[in-house]
1. Can you put Met79, Met1, Met96, Met36 in order, fewest other beta carbons within 10 Å first?
2. How do the peptides 283-296, 263-276 rank, highest first, by the average count of neighbouring beta carbon atoms within 10 Å per residue?
3. Based on the Cβ-Cβ distance from Arg31 to Ala140, what FRET efficiency comes out when R0 is 22 Å, to the nearest 0.05?
4. What is region 155-287's relative contact order, in percent, from Cα pairs under 8 angstrom and six or more apart in sequence?
5. For the chain, give the share of DSSP beta bridges that are antiparallel, in percent and rounded to the nearest 5; count only bridges with both residues there.
6. List residues of region 1-33, by number, whose backbone nitrogen lies under 11 Å from a label position 7 Å along Cα→C-beta of Asp89.
7. Give, as a single signed number, the net charge of other residues whose beta carbon lies under 13 Å from the beta carbon of Thr52, with Lys and Arg counted +1 and Asp and Glu -1.
8. Taking a cut-off of 20 Å between Cα atoms, list the aspartates and glutamates near Lys278, but don't count ones fewer than 8 places away on the same chain.
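Read the figures in this text as sums done on the coordinates, not as results from a lab. Predicted model only: the values in this text are computed from it and were never measured. Here the Cβ is made from the backbone with ideal geometry for all residues, glycine too, and neighbour counts use every protein chain on show.
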Amino acid sequence: MNGLLLVNLGSPASPTTADVRQYLRQFLSDRNVIEMSPALWQPLLRGIILPTRSWRSATFYQHIWTQEGSPLIVYTQRMAQQVQRLLPDWQVAYAMTYGQPAIGPALTQLAQTCDHIVLLPLFPQYTQSTHGGIFQQAQATGVPVTTVHHFYDQPAYLDLLADQVWHAYQQADYDAVLFSYHSIPSAMVRHGDPYPTECQATTQGVLDRLPDLPADKVQTVYQSKFGPMPWQKPYLKNTLMQLVELGKRNVLIATPSFVADCLETLEEDYVQNYQTFKASGGDNFQLVPPMNDDPRFSRFLADLAQQRLTQVGDAHA
């Protein structure tokens, strides 16, 4: 039997300060995310960041929490269920890089019944800060896996993303369309991380499919900067304020690095960035919904897993 493990970032167990603190400690202790020496970083993390950030982040999670739980977990679970129905001969599971369900136990359980396992991070563009932790945790189990490193350049994915953007774009008269990706530290880019190149290629891939979308309205920007060090620019929040200054008060935002609604889309964008935009004098602010539980995306994931396994089989033939 073949197995498939879909992996997303993760979420606190609950929107309480204690659970958010535990989640942030795990997340921000990953050397793939924070490259600073632990001897310098851990005292800062435990002495300043966690005490001040945990309760604030908990209030944000409380804003987005649903009756079913964290939107990120809920949508990832639905994706896994849909893919399982599409691949009845496979065993499909999901895991989170931080929090529960954890990657190690999920892989170990799949290995009990599966001869071949595909590990599919739910991040279209590769970056060390997301994929590094996933691959390390998978490797630590000793379970052999076939990995998907990225899928930003897959035609079926770009077709779906373009369709979503175009559908949203037709709903109003927009002055600007921003493709906003989760930023990463500039140091990672200097060290050769391919992420910004893959983000730009994602935006271009959508533009290539939408000849009626004016290219001069489109910008690639980055959001969710954390900490004092420089991160990949231009920043979404600054760009929003600049657009209003230029008289562009109707903005559509796509978030291709997030395949499921999460704190960054629901709280950072729809609340904080929306408030910044409106306070600056903006009028219409809309987001293209992430893939979430769109059955077309689940179909893409199922096809991608099968293709990846076939590629490996052909290579070994």
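1. Working: Met79 26, Met1 11, Met96 22, Met36 15.
By the 10 Å Cβ count, ascending: Met1, Met36, Met96, Met79.
2. On the way: 283-296: 17.4, 263-276: 18.9.
Top to bottom by mean Cβ count within 10 Å: 263-276, 283-296.
3. On the way: r = 14 Å, r/R0 = 0.63.
Given R0 = 22 Å and the Cβ-Cβ separation, E is 0.95.
4. Details: 167 pairs, mean separation 43.9, N = 133.
Reported as a whole number, the value is 33 percent.
5. Working: 2 of 34 bridges.
Roughly 5 percent of the beta bridges in the chain run antiparallel, per DSSP.
6. Answer for this model: 1-2.
7. Details: positive: Arg21, Arg46, Arg53, Arg56; negative: none.
In short, +4.
8. Asp173, Asp175, Glu245, Glu264, Glu267, Glu268, Asp269
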